[in-house]
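One structure is given here, and the rest of the page talks about it.
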Amino acid sequence: MKRLPNSITTCTRNWPAKHSIGLPAVLVGSLAFLTACEEPKEIGLPPTTPVGVYYTDTLTISRSTVLLDSVRSNGTGTLLMGRYTDPVFGRIQATGFSQLVPATQFVVQDANKNNIPDAQLVYDSTRLVLTYNFVYGDTLKTQELAVHRLTEEISRTKSYDIRSSAAYDPQPLTRFQFTPTPVKQRTQRLSLPATFGRELLALANKDAGKVDSLFQKQFKGLALVPGPNNSAMLGHLVDGSSAVLLYFHKEGDTTSTVQAFSLGAGVGRFNQVRADRSGTPLAGLRPGQSLPASATGGQTFVQPGTGVTTKLEFPTLLNLRQQGRIAINRADLIITPKQPDNSSFYLPPYLGLAEVNEQNQILRSSPSGFVQFVTSASSLFDRSEQAWVNPQIATYDSRTRVYSATEGGVRTQSILLGGYLQSILSGLTPNRGLVIQTPSNTALFSTSGGLANLTQFYLNDRLWRMVLDGSASVRLVVFYTYSN
């Protein structure tokens, strides 16, 4: 704990709003400014109660690696498919499961709005179009994708976990070998069997071609299964650019008509992600368990897509109360991850901090189920459910190599924890720690036309990783005042 001489509350409280200086790169300059503050003259009278102004960078941060006992994977923004080996996190495999539904009602009519008879519809071909927006691992090797037909229905209301599965026909509809080209071409077009396409065509003008629930009785969906020798992970878009396309023509026509069957928004889907961590530093990690950094050579690990993440605790924070009534002016959490040894395993672009309970389960609000992220508010933490729709999502800065947030439109070289820590000191928030989450987008909520929770869409739809090596990887600098 260090005192800032010749400073009183008036000067210090105004500092964060007027001087949003990044830490720790210019910490020395910031402190010079603080110590130069003078007592107020014309701006107001000094307080009648003696006030101390301090900063500290010695509050204990306890780091541990946690394996979450549940990781929701339904309704994510990408269908994952792939397999690769990471020296730290082990052998990772992902299979994507999705329903298939008509993008529009499958109605084929003539110019007079009369249904065309089945006998006059001629089958041409069927294609599965997959567009991927995420590639991770070694993409120089040939990858294999097997497409299987589901034999078990997927529920649109069930909360699927990364350990979930759905039964599928062991005989694939098709196998496809390819080398990913994420820069040049991100769309794959796979031929599907004519027998499968003709089954689809037979639904034209039938109730099953118009009503999703009836369609599901005959076509439960697809599973995207990686080959045994794959070395990369791909995430396939579900925004409408991935679909089954059925081509056919009316008898006598020379051009094909296309009917799309969507793998996109509004359908039931989930990702199964398996991790074999044997032979790695995390081999003994168990669900719900916290493995202290001291047990892993000072390192902690983050790969939320497989349930592995780092938990941050602040065990000495409440000791500040011994000095009197505490008001935190600013708290900067500076996270500096270890640079990857392999460029194929890059760092997550975004980072958020979520509250957990004593069992290391991520907390969600009731009744809407918003993940209880640390919010971007710099004032006293609001515990109402509406507060969770404004999470603080930090962005990785490749120049400074830290995760930075935005305050008042200004980018800071830290994550701002002032409101969160103050809420703990005020008794509003339990001091149970935070876990790192890595969403693939900062827009976790939408308010256009009403509030929409997009957290699940972006939260666990990618696989990337991070290592925090040593106590310097996570530091906390707190500026605060106190009075008796």
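Below, the figures for the structure above:
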{"quantity": "Residue count for segment 265-288, restricted to those that are under 14 Å from Ala223 (Cβ atoms) and assigned to a loop (DSSP other than H, G, I, E, B)", "calculated": "2"}
{"quantity": "Test: residue in segment 259-275 that is over 24 Å from Leu130 (Cα atoms) and either out of contact with any strand residue (DSSP E or B) (no Cβ under 8 Å at 6 or more places or on another chain) or open to solvent by 20 Å² or more (accessible area, probe 1.4 Å) (or both)", "calculated": "yes"}
{"quantity": "Selection count where residues are on the phi > 0 side of the Ramachandran plot and either modelled with pLDDT of 95 or more or assigned to a strand (DSSP E or B) (or both), scope segment 72-92", "calculated": "2"}
{"quantity": "Complete set of residues in segment 343-357 that are surrounded by fewer than 21 Cβ atoms within 10 Å (Cβ to Cβ), outside any strand (DSSP E or B) and either touching a Pro at 6+ places or on another chain (Cβ under 9 Å) or modelled with pLDDT of 95 or more (or both)", "calculated": "Tyr346, Leu347, Pro349, Asn357"}
{"quantity": "Subset tally (residues that are surrounded by fewer than 18 Cβ atoms within 10 Å (Cβ to Cβ), of a type outside the set (D, E, K, R) and more than 13 Å from Tyr396 (Cβ to Cβ)) for segment 328-342", "calculated": "1"}
{"quantity": "Subset of segment 194-238 [farther than 30 Å from Thr139 by Cβ, under 34 Å from the mean Cα position of the chain (by Cα) and in contact (Cβ under 8 Å) with a residue 40 or more places away in the chain]", "calculated": "Asp212, Phe215, Gln216, Phe219, Lys220"}
{"quantity": "Number of positions in segment 98-118 that are more than 35 Å from the chain's Cα centre (by Cα) and not hydrophobic (A, V, I, L, M, F, W, C)", "calculated": "8"}
{"quantity": "Residue within segment 175-186 that is over 24 Å from Thr95 (Cα atoms), in a loop (DSSP other than H, G, I, E, B) and of a type in the set (S, T, N, Q) present", "calculated": "no"}
{"quantity": "Filter result (in contact with a helix residue (DSSP H, G or I) (Cβ under 9 Å, 6 or more places away or on another chain), among the small types (Gly, Ala, Ser) and open to solvent by less than 50 Å² (accessible area, probe 1.4 Å)) within segment 444-482", "calculated": "Gly470"}
{"quantity": "Index of the failed condition, Ser165 passing every other in (1) closer than 17 Å to His236 by Cβ; (2) in a loop (DSSP other than H, G, I, E, B)", "calculated": "(1)"}
{"quantity": "Odd one out for Thr254, checked against (1) surrounded by 17 or more Cβ atoms within 10 Å (Cβ to Cβ); (2) modelled with pLDDT under 95", "calculated": "(1)"}
{"quantity": "Cβ pairs under 6 Å, 6+ apart, first in segment 95-113 and in a loop (DSSP other than H, G, I, E, B), second of a type in the set (Phe, Trp, Tyr)", "calculated": "Leu100/Phe219; Leu100/Phe261"}
{"quantity": "Exclusive hit being modelled with pLDDT of 95 or more, of a type outside the set (Asp, Glu) and part of a loop (DSSP other than H, G, I, E, B), set Ser440, Ser448", "calculated": "Ser440"}
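This table checks each residue for (1) open to solvent by 60 Å² or more (accessible area, probe 1.4 Å); (2) charged (D, E, K, R).
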{"site": "Ser191", "(1), (2)": "yes, no"}
{"site": "Thr195", "(1), (2)": "yes, no"}
{"site": "Arg198", "(1), (2)": "yes, yes"}
{"site": "Leu203", "(1), (2)": "no, no"}
{"site": "Gly209", "(1), (2)": "no, no"}
{"site": "Leu214", "(1), (2)": "yes, no"}
{"site": "Lys220", "(1), (2)": "no, yes"}
{"site": "Leu224", "(1), (2)": "no, no"}
{"site": "His236", "(1), (2)": "no, no"}
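The values are calculated or read from the model by the stated rules, or taken from the named source; none is laboratory data. Values in this document were obtained by computation on a predicted structure and should not be read as measured data. Backbone-built Cβ (ideal geometry, glycine too); neighbour counts: all protein chains shown. Side chains included, ligands, DNA and RNA excluded: accessible areas come from the protein's heavy atoms. Shrake-Rupley method; radii C 1.70, N 1.55, O 1.52, S 1.80 Å.
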